[in-house]
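Read through the structure below, which is laid out as structure tokens, and then see the notes.
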Amino acid sequence: METIKNYLETMFSPLPNNAEVLRAKDELLSMMEDKYNGLMEEGMSSEEAVAKVIAECGSLDDIASELGIQEAVVQTKDVHRRNVSLEEAEAFLADSANAAIVRTTAICIFILSVVPPIIFSEVAEYTVGTVHNAFDALGAVFFFIFIATGVGMIIVENGKMKKWNFLRKEPCQLDYSVLSVIDEKYKAQEGTFTSRLAIGVCLCIVSVVPIILVDALGGLGVLEDLAGAFIFAMVAAGVGFILMASYGKGAYKTLLSTNGDTTVGGNQFDSQKDEAEYSDPTIAAIMSVYWETVLCIYLSWSFLTFNWFSTWIIWPIAAIIHALVKKLFKEEM
Amino acid sequence: MAGISSDVIRGYNDTMILCILMDGPSYGYEISKQIARRSDDKYRIKETTLYSAFTRLLKNGYVESYSDVGKENGKRRTYYRITDGGKEFYLEKCREWELTKEVVDSFIFENVPKGA
């Protein structure tokens, strides 16, 4: 029975995802199921019944004119789509996971590259003459070493991932059965991605806490400047979490949307669109200029109060409000 | 090798379905089984052809569809029943075929032994 379903899903996957097409698919499945059961009752074996049902099913051509999909049917015949097998898909996910770690580390190194100069110049404060200059120079040297390492890592990793570029460049297709397996994996991991994202954002927000505390405690000389370096360390960690979540999700997204967002095959899994449609037209109007408005508020508030150290908080708050509005008012498709 | 011309039979798929529905409402697989039975297994209609016919008949108002649950296994299916318009159309097609048959028959197996 699964074979019949897979066959039908694959046959329908390049078609546009509208009500008529879905209705056709459902009715055909129902008829084929009845036929399968009927043949089994007459004494046929399961394999024979499945083979007969599929052989006598017919093709998209027969229903093309009724569904108004002649164009889509012709198109699928012209465009040769490269089939991605389950092994390929899983290999892609494994490679992407490794690439994610390497790339994330590289970017964290970029962020951390400013830490050596900060620390070394701090140490240099307590020395004089050539030692002083030496320490300053050391800071700069480490800065460039960090940058070079990060760049090297990214270049090597990009080279490794080049073989997977076809997923984004060539028209590909995934069978229904492969898509279901990948989708299950994704759903299992979704929680991890979300929590990593949350941890990452929190770390970034909290990164300014040390310097606020040090400031409040009246500036403890050395600690004050080191606290500055600490911000970068925490931001690097936060960004690291965010990137791991983002890269991970991105790999699944690439696989799950190869069949095209608007087709039956691709769109069975959560819409990948980020633009939400709001049920209330007033809300929709406000939300379309949301981020520009937030930017205006941020700039005006900052210039009026010159309190840049506090006004940045408007961004996380704006992000939270945006998410809330989306959750409450989004039109259910 | 003789078979059924799909061009010709295509014009009468709707008629065959309407004929079966004259006896009472039915559903997809049951109708396809009837077609095979009545034609002595000489014609087996494909699921896609059948669905395409249903869509056409519904669009023209010759049949109505409704959702119901099968008595044997409790499966929910789409059932079809013929309308008055459908009954009229069926009669028209019957007359049309009689006329077509008469016309074409006068040219069949002329100057050629039957069963050649």
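The values are calculated or read from the model by the stated rules, or taken from the named source; none is laboratory data. In this text, all values refer to a predicted model and were calculated from it rather than measured experimentally. Neighbour counts run over all protein chains shown; Cβ positions are idealised from the backbone, glycine included. Keep in mind that these areas ignore ligands, DNA and RNA; they rest on the heavy atoms of the full protein, side chains included. Shrake-Rupley method; radii C 1.70, N 1.55, O 1.52, S 1.80 Å.
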* Asked: Any idea of the accessible area per residue across the stretch A:16-63, 1.4 Å probe, to the nearest Å²?
  -> 47
* Structure fact -> With DSSP loop assignment and no more than 14 other C-beta atoms within 10 Å, the chymotrypsin sites (Phe, Trp or Tyr not before Pro) in the stretch A:77-134 are A:TYR126
* Asked: Computed on protein heavy atoms with a 1.4 Å probe, what is the summed buried accessible area for the chain pair A and B, in Å² to the nearest 100?
  -> 1800
* Would you compute the Debye intensity of the stretch A:1-98 from its alpha-carbon atoms alone, equal scatterers and no solvent, and pass along log10 I(q)/I(0) at q = 0.11, 0.14, 0.15, 0.22 Å⁻¹ to two decimals? => -0.45, -0.68, -0.75, -1.10
* To do: Tally up the carbon and sulfur contribution to the accessible surface of chain A as a whole percent, 1.4 Å probe, everything protein left in place.
  => 65
* Asked: What average number of partner chain Cβ atoms lie no more than 10 Å from the Cβ of the residues making up B:41-52?
  -> 6
* Scan the stretch B:63-116 for GluC sites (Glu not before Pro) in coil per DSSP, keeping those whose Cβ has at most 12 other Cβ atoms within 10 Å, and list them by number. => B:GLU72, B:GLU110
* **Percent of Cα-Cα distances greater than 22 Å, calculated over the stretch B:1-92** => 26
* **Environment charge of B:TYR62, counting only residues whose C-beta is closer than 15 Å and scoring Lys/Arg +1, Asp/Glu -1** => -2
* Asked: Under a straight-distance cross-link criterion of Cα-Cα below 12 Å, which aspartates and glutamates are reachable from A:LYS163, leaving out those fewer than 8 residues away in the same chain?
  -> A:GLU88, A:ASP95
* Structure fact -> Note, B:ILE108: beta-carbon cut-off 12 Å, +1 each Lys/Arg, -1 each Asp/Glu, net -1
* To do: Just the Kirkwood number for the stretch A:64-177, please: inverse of mean 1/r across all distinct Cα pairs, in Å, one decimal.
  => 18.5
* Highest mean first, what order results for A:12-20, A:234-242, A:130-138 on Cβ atoms within 10 Å? -> A:234-242, A:12-20, A:130-138
* Structure fact -> Taking every residue of B:31-37, the Cβ atoms of other protein chains inside 10 Å of its Cβ average out to 1
* Asked: lysines within cross-link reach of A:LYS5: Cα-Cα under 19 Å, excluding same-chain residues under 8 positions apart?
  -> A:LYS25, A:LYS35, A:LYS52, B:LYS46, B:LYS75
* Asked: If you average over every viewing direction, what projected area does the convex hull of the Cα atoms of chain A give, in nm²?
  -> 24.2
